[in-house]
Amino acid sequence: MVWSAWDTAWADGLAVAKDYAAVHGHFLPPANAVWGGHRMAIGVWAKNQRAAARKTHENA
């Protein structure tokens, strides 16, 4: 069950990321990469996820 629009967007991004990785054998998309049936900006999504992870790690 998804509780919020943010959770839905994250889950959608994760699904697209898994698909991208399955096709390419890695998950290092260029910043301008667009992928999937909905043409998701997976490069921007990946950049944002990495930035959030860094921020979380720095604040821990």
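Since every read-out is calculated from the coordinates, none of them should be taken as a lab result. Just so it is clear, the structure is predicted and the values come from calculations on it, not from any experiment. Here the Cβ positions follow ideal geometry from the backbone for every residue, glycine too, while neighbour counts run over all protein chains shown.
Which value, in debye to the nearest 20, describes the size of the charge dipole of the chain about its Cα centre when Lys and Arg Cβ atoms bear +1, Asp and Glu Cβ atoms bear -1, and nothing else is charged? Numbers along the way, then the final one.
Working: 6 positive and 4 negative charges, 38 e Å.
Charge dipole of the chain: 180 debye, to the nearest 20.
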If you split all Cα-Cα distances of the range 1-41 into 5 Å bins from zero, what percentages do you get per bin, shortest first?
5, 24, 28, 23, 12, 7, 1
With unit charges on the beta carbons (Lys and Arg positive, Asp and Glu negative) and the dipole taken about the Cα centre of the chain, which residue among H26, L14, H38 sits farthest to the positive side?
H26
Is any residue of the range 45-60 close enough, with backbone N under 13 Å, to a label point placed 7 angstrom from the Cα of A9 along the Cα-Cβ axis, and if so, which?
45-46, 48-49
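Over the chain, calculate the relative contact order: mean separation of alpha carbon pairs under 8 Å at least 6 apart, over the residue count, as a percent. Show your work: numbers first, answer last.
Values: 39 pairs, mean separation 13.5, N = 60.
So the answer I get is 22 percent.
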Over the chain, with a Gaussian network built from C-alpha contacts below 10 Å, which listed residue (A41, A22, A33) shows the highest mean-square fluctuation?
A22
Using helices alone, what [θ] at 222 nm do you get for the chain, with -39,500 (n - 2.57) per DSSP H run of 4 or more residues, divided over all residues and rounded to the nearest 500?
-21500 deg cm²/dmol
